[in-house]
Amino acid sequence: MKTPKLTPFAIILFAPLALGIAVSWAHSFPEQEIPAAGQVLTTPPPTVSIKYDAPIEHLFAKLDVVDGAGNDLAVSPPVISPDGFTLSVQVKPLQPGDYTVKWAVVCIDTHHTEGSYSFTIVGKPS
């Protein structure tokens, strides 16, 4: 039994299809959050950061840390690490309570993703 061989024509015909499938799967989703989703902390973090599984575009990155009253507690605009995988923002001193992290990014392949998660700080107000 002979093994079929791909002709140069077949390679040229199917290569874009195979590459297109690989590119269409490329989206940036959180791989690690600090603080983590659902985490209960006794010490407020000075920054909130999210590491993504693919590089993100600098121009479209959004990261908000919101308290129960809806106030955004970011001190400055979010910053992307030099490798493009981590989005971070410094926050005001956080008091005990529940906080929501809202994020929106565009992957380098132009796909938009967004989401949110919460964490809690317990203890005495500082």
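The values are calculated or read from the model by the stated rules, or taken from the named source; none is laboratory data. As the structure is a prediction and not an experimental result, all values here were calculated from the model. Virtual Cβ from ideal backbone geometry, glycine too; neighbours counted across all protein chains shown.
Per-residue answers, yes or no, for (1) over 20 Å from residue 29 (Cα atoms); (2) at pLDDT below 95; (3) of a type in the set (Phe, Trp, Tyr); (4) part of a strand (DSSP E or B):
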| residue | (1), (2), (3), (4) |
| --- | --- |
| 60 | no, yes, yes, no |
| 64 | no, no, no, yes |
| 82 | no, no, no, no |
| 90 | yes, no, no, yes |
| 94 | yes, no, no, no |
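Pairs are defined by a Cβ separation below 7 Å, a sequence spacing of at least 6 or placement on different chains, a first member in region 86-105 that is over 16 Å from residue 34 (Cβ atoms) and in contact (Cβ under 8 Å) with a residue 40 or more places away in the chain, and a second member that is assigned to a strand (DSSP E or B) and among the basic types (Lys, Arg); the pairs so defined are 104/62.
Every condition in (1) part of a strand (DSSP E or B); (2) surrounded by 14 or more Cβ atoms within 10 Å (Cβ to Cβ) is met by residue 109 except one, and the failing one is (1). Of the residues making up region 32-52, those that are within 20 Å of residue 105 (Cβ to Cβ) and either β-branched (Val, Ile, Thr) or at pLDDT below 95 (or both) number 4. Of everything listed in (1) assigned to a loop (DSSP other than H, G, I, E, B); (2) over 12 Å from the mean Cα position of the chain (by Cα); (3) buried (at least 17 other Cβ atoms within 10 Å of the Cβ); (4) not charged (D, E, K, R), the single unmet condition for residue 77 is (3).
Test each condition in (1) over 15 Å from residue 28 (Cβ atoms); (2) of a type in the set (Ser, Thr, Tyr); (3) exposed (fewer than 14 other Cβ atoms within 10 Å of the Cβ) for residue 100 and report the one that comes out false. Status for residue 100: all satisfied but (3).
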